[in-house]
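*Asks:* One structure coming up, written as structure tokens, with questions to follow.
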Number of protein chains: 2
Amino acid sequence: MSVLVVGSIALDTVKTPFEEHADLLGGSASYAALGASFFSPVNLVGVVGDDFPPAHMETFRSRQIDLNGLQTVPGKTFRWSGEYMLDMNVRETRSVELNVFEHFTPVLPETYRETPVVLLANIGPNLQNHVLDQMERPRFVVADTMDLWINIAHAELMRLLPRLDLLILNDSEARLLTKETSLIKAGAKIRAMGPGHVVIKKGEHGALLFGENRFFSCGAYPLEDIHDPTGAGDTFAGGLAGWLAAQGGASVTFADLRKAVVYGSVLASFNVEAFSLTRMHSLSMNDIEARYEAFRLMQQFEVLD
Amino acid sequence: MSVLVVGSIALDTVKTPFEEHADLLGGSASYAALGASFFSPVNLVGVVGDDFPPAHMETFRSRQIDLNGLQTVPGKTFRWSGEYMLDMNVRETRSVELNVFEHFTPVLPETYRETPVVLLANIGPNLQNHVLDQMERPRFVVADTMDLWINIAHAELMRLLPRLDLLILNDSEARLLTKETSLIKAGAKIRAMGPGHVVIKKGEHGALLFGENRFFSCGAYPLEDIHDPTGAGDTFAGGLAGWLAAQGGASVTFADLRKAVVYGSVLASFNVEAFSLTRMHSLSMNDIEARYEAFRLMQQFEVLD
């Protein structure tokens, strides 16, 4: 089963206290598509300018990602530049140039409209709604969002939420959306806004999954060295959605979602080990399954005597 | 098997956005002793003034806590006053009066010196060292500490660390002690300072346990309403040490420590449900075991297909 991924495709310039690289492949859809591609075929929807490097296009192709939904238009590709502090939890955006992304309207190829699993990676909720409008009865719809849309596109976001099987957002965004300090209260409150399930990402502290009277707490894989946190959340969403698509996406159980959260965490933990999407080039299913198992062992404990 | 608990015993005044109570039973040793008492006999070492309410003494007695090591001296009991903000993660200390605690020197009754498990709850590392000097070959030594001692009693703390089987501290304290942002690096670095194991508490995000090439990530129990977070860390340490003592404390395995961390988390999660130590009065072993099981289910996931 395939997953449709829509989101931004960008050229990133990323600076950490130790390294700086320019014109890296970035954007929410790039990370999500590569993450998903380890588990299922991916239909990619996005836009790039005519300056988009062939090498980055080749990165998508090398992962068998379908590019029929990728528009190339005259102009410059979306560019983002950011800097991480010594505490890699702290990031400063240095510049954003929307370029061709400013007037992007996702138009789905006919062949994409019945893709069973949909991942609306982080873009404006108006575009996310527009993509869903073009889909024929998707089996499972996942969306990511961010503080910007909560602040400036609140009504569109509220219109999106009831259309989702799963909303993914981070802890500060969950607090912003609900005005609740407690993440437990926030998770329940967001579910009441419409999505069947909610994942609250907590960075180095893992992720919480909320369903109807169900809860799952997932730790983060313990990494000593993080080279580039960019796209960790997008890779998480991609791994999660790709794994669900591989299961067929028909009747997704809470147990499936738990595993999907862990697979998403595994993919994200690999991705931050190198700049941009570099780590994905050498990643194997053996690596993924070994880390899944390590993950399981590090947070399980014994039943009562 | 018994556990010896030494630390502060205080009269607390606690204000939250919803309630305020004065002269509550508080202090690191009070919380730790009550937490431990659900699993094993407790020998309590501490000091109170002659103003200490008989009702609080009765609270210790009702949990069969041995009070031969509790000194009552002329003067006023240690007092602490604090206020929690709407975000209960944020606390402001309003006043501290050391009173009889200022000149406290723990002297262990002869009958306490062979207690197999020792919990040095949060007090100055000079006093923690002094208690250890009086012990006869304890089987397992746990200590808690805080930012104050890292800042003003660093040398004493460094002298203490190699004498410990387990050091417990919170995330900001771990970062302060190691100058590392990554908690994974911090955990390893603290182990290199001497203690056999390290637990880094992360409040609402759970706790991390570090051993030699072993790691355990424990989520926090999802509570919607927290009435008084005071003493959560002390109750955690008490539950953990008490449970270890109940196992005999002879050859503590990593699997034992994992369970001990979960039991500590369970005890702490109950304690914050009411002011001071109130919740401990009605708590039963059935409650504890049911929550342990709920805890296990909420962070376990399936093996690979």
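*Asks:* Restricted to Cα positions, what overall size does chain B have along the principal axes? Three whole-Å values, descending.
*Replies:* Projected onto the principal axes, the Cα atoms of chain B cover 65, 44, 38 Å.
*Asks:* Take peptide B:211-222, look around each residue's Cβ out to 10 angstrom, count Cβ atoms belonging to other protein chains, and average those counts.
*Replies:* Details: counts 0, 0, 0, 2, 7, 7, 12, 5, 9, 5, 3, 10.
Counting other chains' Cβ atoms within 10 Å and averaging over B:211-222 gives 5.
*Asks:* Hey, another quick one. Just need the Rg to Rh number for the range A:161-215, please, alpha carbons only, Kirkwood Rh. Present the calculation step by step, with values, prior to reporting the outcome.
*Replies:* Values: Rg = 9.9 Å, Rh = 10.8 Å.
Checking Rg against Rh, the ratio lands at 0.92.
*Asks:* Suppose we look only past 42 Å in the calculated P(r) of the protein assembly as shown. What percent of the Cα-Cα pairs does that tail hold?
*Replies:* Working: 54663 of 185745 pairs.
Percentage above 42 Å: 29.
*Asks:* Would you please calculate the Kirkwood hydrodynamic radius of the range B:20-179 over all C-alpha pairs and express it in Å, rounded to one decimal? All intermediate terms of the calculation are to be shown ahead of the outcome.
*Replies:* Numbers: mean 1/r = 0.0591 Å⁻¹.
So the Kirkwood estimate lands at 16.9 Å.
*Asks:* Another question, if that's okay. Over chain B, calculate the relative contact order: mean separation of alpha carbon pairs under 8 Å at least 6 apart, over the residue count, as a percent.
*Replies:* Numbers: 671 pairs, mean separation 56.1, N = 305.
Result for chain B is 18 percent.
*Asks:* Please find, among residues of chain A, the one with the beta carbon closest to the rotation axis relating it to chain B, distance in whole Å.
*Replies:* Taking the axis that maps A onto B, the answer comes out as A:H205, 2.
*Asks:* Under the convention of a label 7 Å out along Cα→Cβ, give the distances in nm from A:E273 to the same position in every other copy, shortest first.
*Replies:* Its label point is 4.2 nm from the equivalent points in the other copies.
*Asks:* Step through the table entries B:K202/B:K259; A:K202/A:K259; A:K202/B:K201; A:K15/A:K202, compare each Cα-Cα distance with 19 Å, and write down the pairs that go over it. Working shown, then result.
*Replies:* Numbers: B:K202/B:K259 17 Å; A:K202/A:K259 17 Å; A:K202/B:K201 15 Å; A:K15/A:K202 23 Å.
Long pairs (Cα-Cα over 19 Å): A:K15/A:K202.
*Asks:* For the range B:176-211 and the range B:36-97, what is the centre-to-centre distance using only Cα atoms, to the nearest Å?
*Replies:* Using only Cα atoms to place each centre, the spacing works out to 28 Å.
*Asks:* Further question: Over the whole of B:76-89, what's the average partner chain Cβ count within 10 Å per residue? Rounded to a whole number, please.
*Replies:* Mean shielding count: 1.
*Asks:* Rounded to two decimals, what is the ratio between the C-alpha radius of gyration of the range A:227-272 and 2.2 N^0.38 Å?
*Replies:* Numbers: Rg = 11.0 Å, N = 46, 2.2 N^0.38 = 9.4 Å.
Relative to the 2.2 N^0.38 Å estimate, the range A:227-272 comes out at 1.16.
*Asks:* Here's something else I'd like to know. Give the span of the range A:242-305's Cα atoms along each principal axis, as three whole-Å numbers ordered largest to smallest.
*Replies:* 44, 33, 17
*Asks:* For chain B, with a Gaussian network of springs between Cα atoms less than 10 Å apart, report the residue from B:L108, B:L44, B:L120 with the top mean-square fluctuation.
*Replies:* B:L108
*Asks:* Can I ask one more? Translational diffusion coefficient of the range A:133-243 at 37 °C, 0.692 mPa s, Stokes-Einstein with Kirkwood Rh over Cα pairs, in µm²/s as a whole number.
*Replies:* Numbers: Rh = 14.6 Å.
Calculated translational D: 224 µm²/s.
*Asks:* Can I ask one more? Quick one: of the DSSP bridges fully inside the range B:25-174, what percent are antiparallel, nearest 5?
*Replies:* Values: 6 of 19 bridges.
Of the beta bridges lying entirely in the range B:25-174, close to 30 percent run antiparallel.
*Asks:* Follow-up. Under a GNM of chain A (C-alpha, springs under 10 Å), which listed residue has the highest mean-square fluctuation: A:A246, A:A121, A:A153?
*Replies:* A:A153
*Asks:* When each copy gets a label point 7 Å from Cα toward the beta-carbon at B:E293, what are the spacings between them in nm, shortest first?
*Replies:* Once sorted, the set of distances for B:E293 reads 3.0 nm.
*Asks:* What are the extents of the Cα atoms of the range A:50-124 along their three principal axes, listed from largest to smallest and rounded to whole Å?
*Replies:* Taking max minus min along each principal axis of the Cα atoms, the range A:50-124 gives 45, 30, 27 Å.
*Asks:* Right, another one. Between the label point of A:N213 and that of the same position in each other copy, find the distances and list them shortest first in nm, with every label point placed 7 Å from Cα along the Cα-to-C-beta direction.
*Replies:* 4.5
*Asks:* Another question, if that's okay. Over the range B:15-57, one equal point on each Cα, no solvent: what is log10 I(q)/I(0) by the Debye formula at q = 0.30 Å⁻¹?
*Replies:* Those come out to -1.14, one per q.
*Asks:* In the Gaussian network model of chain A, springs joining C-alpha atoms below 10 Å, which of A:S30, A:S62, A:S276 carries the largest mean-square fluctuation?
*Replies:* In the Gaussian network model the winner is A:S62.
*Asks:* Treating cross-link reach as a plain straight distance, find the aspartates and glutamates whose alpha-carbon is under 18 Å from the alpha-carbon of A:K76, omitting any fewer than eight places away in the same chain.
*Replies:* Counting by Cα, and skipping residues close in sequence, A:K76 has these aspartates and glutamates nearby: A:D12, A:D23, A:D50, A:D51, A:E97, A:E102.
*Asks:* Estimate the FRET efficiency between A:M285 and A:E97 by the formula 1/(1 + (r/R0)^6), using the beta-carbon distance for r and 45 Å for R0, to the nearest 0.05. Intermediate results must be reported in sequence, preceding the final value.
*Replies:* Working: r = 37 Å, r/R0 = 0.82.
Once the sixth-power term is evaluated, E becomes 0.75.
*Asks:* Cα atoms only: what Rg and Dmax, in Å, come out for the range B:182-305?
*Replies:* Just the Cα atoms of the range B:182-305 yield Rg and Dmax of 14.9, 47 Å.
*Asks:* For the range B:80-156, taking Cα atoms only, what is the radius of gyration to one decimal and the Dmax to the nearest whole Å?
*Replies:* Computed over the Cα atoms of the range B:80-156, radius of gyration and Dmax are 15.5, 47 Å.
*Asks:* Take every DSSP beta bridge whose two residues both sit in chain A, then give the antiparallel share in percent to the nearest 5.
*Replies:* Details: 20 of 52 bridges.
For chain A, the DSSP antiparallel bridge percentage is about 40.
*Asks:* Same structure, new question: How many angstrom lie between the Cα centre of the range A:102-149 and the Cα centre of the range B:249-265?
*Replies:* So the two Cα centres are separated by 47 Å.
Here, each number is a calculation from the coordinates, and none is a lab measurement. Everything quoted here is computed from the prediction, not taken from an experiment. So basically every Cβ, Gly included, is an ideal-geometry build from the backbone, and we count neighbours across all protein chains shown.
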